[in-house]
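Chemist: Next up is a structure, given as C-alpha cells.
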Amino acid sequence: MGIFFLGRELINIALGIERNGAVFYDSLADSTTDVTVKGTYKYLADKEREHIGIFQNMLGSLGDYQPTEILTEEYDSYLRALTDSFVFPDDQVAREMARKVESDVEAIQIALGAEKDSILFYSEMRGLVRASDRDVVNKIIEEEKSHLRRLSDLTKSLGKRG
C-alpha cells in the first residue's frame, strides 16, 4: 500500500521551507552594509513571508488528515527523509549558511539552489498526493517558480554591477 499525502502535510512542509528561507534572507540583510543589496535581501525575505501567508491560506482551506495508526511511523519516517535533504533543514542552518557566504553572488547561488530543490521536491510530491490535492501542489510549485525567476533576475543585475 502506497503512502499518500494530503495537501495539509505538504503545506506544513512548505511553511517550514519558506520560514527557513526568510531567516536566510534576513540574516543576509543583517550582514551587509550595501544599501542596494540589503534592500534586495529584505525584499526576498518579504517574498518568503508572503509565500507563508499564501500557504497558510491554503492550509486553512483543507480538511484534516490523520494516517492510520499502522502507517504513522512509516509516514513520519518518509516525511522526515524527504525534508532532511533541504538546503535549509532548519533556521539555525539557514543563519549559519548566511554567515558563511563570502559574497552576494554566492548567497544568491545558494538561494537559487534552495528554490530549485523546493521545486523538485514539490514536483516529486505532486505524484504522491491524492488527485484532489494536486491543485494545491501546483499552486506551491508556481509560487516557487516565481521566486526562482526573481532570484535569476537578481543574479543578472548583480553581474551588471560587476
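The values are calculated or read from the model by the stated rules, or taken from the named source; none is laboratory data. Quick caveat: nothing in here was measured; it's all calculated off a predicted structure. Here the Cβ is made from the backbone with ideal geometry for all residues, glycine too, and neighbour counts use every protein chain on show.
Chemist: When you look at SER27, is it buried (at least 16 other Cβ atoms within 10 Å of the Cβ) and either at pLDDT below 80 or more than 15 Å from the chain's Cα centre (by Cα) (or both), yes or no?
Modeler: Here the answer is yes, as SER27 does meet what is asked.
Chemist: Looking at (1) surrounded by 18 or more Cβ atoms within 10 Å (Cβ to Cβ); (2) in a helix (DSSP H, G or I), which is the only condition PHE88 fails?
Modeler: Tallying (1) surrounded by 18 or more Cβ atoms within 10 Å (Cβ to Cβ); (2) in a helix (DSSP H, G or I), PHE88 fails exactly one: (2).
Chemist: Could I ask something else about it? State whether one or more residues within region 96-108 are of a type outside the set (S, T, N, Q), under 16 Å from ALA14 (Cα atoms), under 15 Å from the mean Cα position of the chain (by Cα) and crowded, with 21+ Cβ neighbours inside 10 Å.
Modeler: No.
Chemist: Next question. For LEU82, indicate whether it is at pLDDT 80 or above, within 14 Å of the chain's Cα centre (by Cα) and assigned to a helix (DSSP H, G or I).
Modeler: Criteria not met by LEU82.
Chemist: Just for region 30-58: of the residues that are within 18 Å of THR155 (Cα to Cα) and among the hydrophobic types (A, V, I, L, M, F, W, C), which one is surrounded by the most Cβ atoms within 10 Å (Cβ to Cβ)?
Modeler: Within region 30-58, the match that is surrounded by the most Cβ atoms within 10 Å (Cβ to Cβ) is LEU44.
Chemist: I would also like to ask the following. Looking only at region 91-109, which residues are in a helix (DSSP H, G or I), free of Cβ contacts under 8 Å to residues at least 12 places away in the same chain and closer than 22 Å to ARG150 by Cβ?
Modeler: GLU106
Chemist: Give the number of residues within region 119-162 that are assigned to a helix (DSSP H, G or I), aliphatic (A, V, I, L, M) and either out of contact with any helix residue (DSSP H, G or I) (no Cβ under 8 Å at 6 or more places or on another chain) or under 17 Å from GLU9 (Cα atoms) (or both).
Modeler: 8
Chemist: Report, ordered by the first and then the second residue, all pairs with beta carbons closer than 8 Å, sequence separation of six or more or different chains, a first member in region 140-162 that is over 16 Å from GLY39 (Cα atoms), and a second member that is in a helix (DSSP H, G or I) and among the β-branched types (Val, Ile, Thr).
Modeler: If the second residue must be in a helix (DSSP H, G or I) and among the β-branched types (Val, Ile, Thr), the pairs left are ILE140/ILE11; ILE141/ILE119; GLU143/ILE54; GLU144/ILE119; LYS145/ILE119; LEU148/ILE119; GLY159/VAL105.
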